[in-house]
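The values are calculated or read from the model by the stated rules, or taken from the named source; none is laboratory data. It should be emphasised that the depicted structure is a prediction, and the values quoted were computed from it without experimental measurement. Because the Cβ atoms are built from the backbone with ideal geometry, glycine has one as well, and the counts that use them run over all protein chains shown.
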């Protein structure tokens with residue numbers, strides 16, 4: 001059994017190239033790679049069924065530590081090793097990397113800077129649950145099963161980047177959230193699905209707020225059973 005499962009939900013084959021390039025260079029070799037993805041049609045066009053894809057990848061995974069790694073994203077050779085060391089130190093740690101966006105894979109022209117980068121906290125520190133960026137983050141496999149996976153209700157909306165899972169882990173308690181500023185990701189610009197901004201579930205009385213109320217009553221769902 002591999003120690004780590006790297007999962008990359010993606011409907012863009014070209015987006016896997018940077019991930020595969022980074023994984024080939026990893027110093028930590030005891031891992032499996034699970035790309036997973038599909039789209040569905042609706043009246044507004046194609047949408048990525050990201051929550052179902054994450055759940056399917058988790059169910060396929062064999063590693064005790066799961067790394068969520070976004071497509072179109074590169075990271076340094078010690079990335080998996082650092083995540084594994086954090087897990088060895090604390091089996092209930094959920095750890096996020098930081099990362100900026102670039103025009104292309106030369107990583108010279110920066111198009112977006114991660115607002116979580118801070119100089120007053122040190123390189124590794126406990127953070128709020130909503131500071132975890134699922135584009136590159138580590139989760140004990142047990143954590144996903146503790147809350148029953150991603151809420152597939154949100155397949156109908158643009159991505160929440162795993163906020164539903166993180167909120168439910170906070171509700172059930174016993175999990176810790178950290179940022180490691182020494183683990184950097186380098187993502188290339190790759191656009192978003194059509195009507196992204198209009199299809200977000202946020203806003204007073206919106207879908208996200210209603211779901212939060214439901215989670216406080218029942219934080220564990222049944223998508224991984």
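Condition first: out of contact with any helix residue (DSSP H, G or I) (no Cβ under 7 Å at 6 or more places or on another chain) and surrounded by 12 or more Cβ atoms within 10 Å (Cβ to Cβ). Now tell me which residues in segment 195-209 satisfy that. Hits for segment 195-209 are 195, 196, 199, 200, 206, 207, 208, 209. Taken as a whole, the condition of being at pLDDT below 95 and either touching a strand residue (DSSP E or B) at 6+ places or on another chain (Cβ under 6 Å) or crowded, with 18+ Cβ neighbours inside 10 Å (or both) applies to residue 159. Of all the residues in segment 142-161, those that are under 13 Å from the mean Cα position of the chain (by Cα), touching a residue at least 60 places away in the same chain (Cβ under 8 Å) and over 14 Å from residue 221 (Cα atoms) number 1.
A single member of 110, 103, 88 is free of Cβ contacts under 8 Å to residues at least 24 places away in the same chain, within 28 Å of residue 13 (Cβ to Cβ) and surrounded by fewer than 17 Cβ atoms within 10 Å (Cβ to Cβ), and it is 110.
From the residues in segment 29-61 that are over 17 Å from residue 162 (Cβ atoms), more than 14 Å from the chain's Cα centre (by Cα) and modelled with pLDDT of 75 or more, which one is surrounded by the most Cβ atoms within 10 Å (Cβ to Cβ)? Restricting to residues being over 17 Å from residue 162 (Cβ atoms), more than 14 Å from the chain's Cα centre (by Cα) and modelled with pLDDT of 75 or more, the top hit is 31. The set of residues in segment 211-225 that are exposed (fewer than 12 other Cβ atoms within 10 Å of the Cβ) and free of Cβ contacts under 8 Å to residues at least 12 places away in the same chain comprises 213, 217, 218. Scanning segment 122-134 for residues that are surrounded by fewer than 21 Cβ atoms within 10 Å (Cβ to Cβ) and not in a strand (DSSP E or B) yields 122, 123, 127, 128, 129, 130, 131, 133. From the list 143, 137, the one residue that fits, being modelled with pLDDT of 95 or more, part of a helix (DSSP H, G or I) and either touching a helix residue (DSSP H, G or I) at 6+ places or on another chain (Cβ under 8 Å) or under 26 Å from residue 14 (Cβ atoms) (or both), is 143. For segment 74-83, check the following and say yes or no: at least one residue is modelled with pLDDT of 95 or more, touching a strand residue (DSSP E or B) at 6+ places or on another chain (Cβ under 6 Å), more than 15 Å from residue 33 (Cβ to Cβ) and surrounded by 22 or more Cβ atoms within 10 Å (Cβ to Cβ). There is no residue in segment 74-83 that is modelled with pLDDT of 95 or more, touching a strand residue (DSSP E or B) at 6+ places or on another chain (Cβ under 6 Å), more than 15 Å from residue 33 (Cβ to Cβ) and surrounded by 22 or more Cβ atoms within 10 Å (Cβ to Cβ).
Return yes or no: is residue 138 buried (at least 18 other Cβ atoms within 10 Å of the Cβ) and either closer than 16 Å to residue 52 by Cα or touching a strand residue (DSSP E or B) at 6+ places or on another chain (Cβ under 8 Å) (or both)? Against the criterion (buried (at least 18 other Cβ atoms within 10 Å of the Cβ) and either closer than 16 Å to residue 52 by Cα or touching a strand residue (DSSP E or B) at 6+ places or on another chain (Cβ under 8 Å) (or both)), residue 138 qualifies. Just so you know, in segment 1-15 the residues that are modelled with pLDDT of 95 or more and not in a strand (DSSP E or B) include one that is surrounded by the fewest Cβ atoms within 10 Å (Cβ to Cβ), and it is 2.
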